[in-house]
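Before any comments, here is the structure.
The values are calculated or read from the model by the stated rules, or taken from the named source; none is laboratory data. Note that the coordinates shown come from a computational prediction; the quantities given were computed from them, not determined experimentally. Counting neighbours? That spans all protein chains shown, and the Cβs are built from the backbone with ideal geometry, glycine included. Accessible surface areas use protein heavy atoms only, side chains included; no ligands, DNA or RNA. Shrake-Rupley method; radii C 1.70, N 1.55, O 1.52, S 1.80 Å.
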Amino acid sequence: MKKTNLDQVEDANITLDTVLGLAQTINDLLEENISMLMAYPSNNASVKFRANRLADKLLALASATITATTTAQNQISTAVNGFYKDGEK
């Protein structure tokens, strides 16, 4: 059975839900364990700095992924609602 365009959009939305869940999990893990990276157990200031930067970058990446995924889901929702409103199939 051939998928309709709306079925394909729904499949894409399910994939985005998965990506969003993964990004939120990464974000939660980082927030819960950020002190491990911020107070990295090393006497070397350079190593501590790099661990701190890594934590900042990972949080920024998780946040950007969440934002982009949410935006894509909103765009999909708007498109689907437009199809239904206009009566297009």
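Note on the range 1-30: residues that are assigned to a helix (DSSP H, G or I), of a type outside the set (A, V, I, L, M, F, W, C) and over 18 Å from residue 69 (Cβ atoms) amount to 2. Select from the range 19-29 the residues that are open to solvent by less than 80 Å² (accessible area, probe 1.4 Å) and β-branched (Val, Ile, Thr) and write down the one among them that is farthest from the chain's Cα centre (by Cα). That would be 25.
From the list 12, 51, 64, the lone residue that is at pLDDT 90 or above and open to solvent by less than 90 Å² (accessible area, probe 1.4 Å) is 64. Residue pairs whose Cβ atoms lie under 8 Å apart, separated by 6 or more positions or on different chains, with the first residue in the range 36-54 and under 23 Å from residue 26 (Cβ atoms) and the second assigned to a loop (DSSP other than H, G, I, E, B) and open to solvent by less than 50 Å² (accessible area, probe 1.4 Å), are 48/42; 51/42.
Taken over the range 48-89, the residue count meeting the criterion of being more than 19 Å from the chain's Cα centre (by Cα) and of a type in the set (Val, Ile, Thr) is 2.
Residue 38 fails exactly one of the following numbered conditions: (1) surrounded by 12 or more Cβ atoms within 10 Å (Cβ to Cβ); (2) at pLDDT below 80; (3) over 18 Å from residue 62 (Cβ atoms). What is the number of that condition? Of everything listed in (1) surrounded by 12 or more Cβ atoms within 10 Å (Cβ to Cβ); (2) at pLDDT below 80; (3) over 18 Å from residue 62 (Cβ atoms), residue 38 misses just condition (3). Scanning the range 30-47 for residues that are under 21 Å from the mean Cα position of the chain (by Cα) and of a type in the set (Val, Ile, Thr) yields a single hit, 34. In the range 67-89, the residue that is nearest to residue 16 (Cα to Cα) out of those that are β-branched (Val, Ile, Thr) and open to solvent by less than 40 Å² (accessible area, probe 1.4 Å) is 69.
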